[in-house]
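**Q** Please read through the structure below; I'll follow up with questions.
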Amino acid sequence: MVLSVTFASLFTLVAMLSQNKAIIAVACILFSFGLLFAGAMCNRMLDAPKTIPAYSIGENGENTAQEMENPKYLDGTKREIVQFIYDVNPGGQAIQCSTMQVVNLTRLPIYSLVIVILTTGAGVWIFKKKDLK
């Protein structure tokens with residue numbers, strides 16, 4: 001529910017930036033796809049396994065498999081930063097909810113409410129600056 005309000009708040013902010021309805025509609029669609037794409041990229045980065053199998057063929061023609069570290073695996077501070085971006089991004093939240101793999105369930109509504117407050121404040125500020133005829 002809070003995620004839907006967040007998307008509505010973001011789209012309302014975009015609508016406040018322009019008076020052309022066609023541009024607003026296209027911008028909102030592209031913005032939502034951009035958020036979902038960014039969420040999917042974060043999901044892929046966080047789902048990378050820690051090790052990957054490495055296959056090799058010996059001199060006798062026998063196959064051997066060894067586990068080696070995955071160079072694309074994120075750990076430490078990088079993982080925390082990507083997880084934070086994934087949690088704050090409404091597209092990332094939508095992906096987490098749809099896959100039912102939410103890591104920080106209590107934080108997501110808080111991040112969404114912060115986005116709603118910021119975008120509502122920005123929308124009110126922009127609306128006050130507009131020259132209404």
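**Q** Quick one: count up the residues across region 103-115 that are open to solvent by 30 Å² or more (accessible area, probe 1.4 Å) and either in contact with a Cys (Cβ under 9 Å, 6 or more places away or on another chain) or among the β-branched types (Val, Ile, Thr) (or both).
**A** 4
**Q** Out of region 1-39, which residues are more than 20 Å from residue 120 (Cβ to Cβ), touching a residue at least 12 places away in the same chain (Cβ under 8 Å) and open to solvent by less than 80 Å² (accessible area, probe 1.4 Å)?
**A** Of everything in region 1-39, those that are more than 20 Å from residue 120 (Cβ to Cβ), touching a residue at least 12 places away in the same chain (Cβ under 8 Å) and open to solvent by less than 80 Å² (accessible area, probe 1.4 Å) turn out to be 34, 36, 38, 39.
**Q** Something else: Residues being part of a strand (DSSP E or B) and open to solvent by 50 Å² or more (accessible area, probe 1.4 Å): count how many of those fall in region 53-77.
**A** 11
**Q** Additional query: Being open to solvent by 30 Å² or more (accessible area, probe 1.4 Å), touching a residue at least 12 places away in the same chain (Cβ under 8 Å) and assigned to a helix (DSSP H, G or I) is the filter here, so list the residues in region 40-51 that pass it.
**A** If the condition is that a residue be open to solvent by 30 Å² or more (accessible area, probe 1.4 Å), touching a residue at least 12 places away in the same chain (Cβ under 8 Å) and assigned to a helix (DSSP H, G or I), then 40, 43, 45 are the ones that fit.
**Q** Can you tell me which residue in region 78-102 is most open to solvent (accessible area, probe 1.4 Å), limited to those that are in contact with a Phe, Trp or Tyr (Cβ under 9 Å, 6 or more places away or on another chain) and in contact (Cβ under 8 Å) with a residue 60 or more places away in the chain?
**A** So, considering only residues that are in contact with a Phe, Trp or Tyr (Cβ under 9 Å, 6 or more places away or on another chain) and in contact (Cβ under 8 Å) with a residue 60 or more places away in the chain, the one most open to solvent (accessible area, probe 1.4 Å) is 94.
**Q** Continuing with the same structure: Report yes if some residue within region 81-96 is over 13 Å from the mean Cα position of the chain (by Cα) and either on the phi < 0 side of the Ramachandran plot or basic (Lys, Arg) (or both); otherwise report no.
**A** Checking region 81-96: not a single residue is over 13 Å from the mean Cα position of the chain (by Cα) and either on the phi < 0 side of the Ramachandran plot or basic (Lys, Arg) (or both).
**Q** Also, I was wondering about something else. Exactly one of (1) of a type in the set (A, V, I, L, M); (2) modelled with pLDDT under 90; (3) in a helix (DSSP H, G or I) is unmet by residue 132. Its number?
**A** Tallying (1) of a type in the set (A, V, I, L, M); (2) modelled with pLDDT under 90; (3) in a helix (DSSP H, G or I), residue 132 fails exactly one: (3).
The values are calculated or read from the model by the stated rules, or taken from the named source; none is laboratory data. Keep in mind that what you see is a predicted model, and the values were worked out from it rather than measured. Glycine also receives a Cβ, built like all others from the backbone with ideal geometry; neighbour counts cover every protein chain displayed. These area figures cover heavy atoms from the full protein model, side chains too; ligands, DNA and RNA do not enter into them. Shrake-Rupley method; radii C 1.70, N 1.55, O 1.52, S 1.80 Å.
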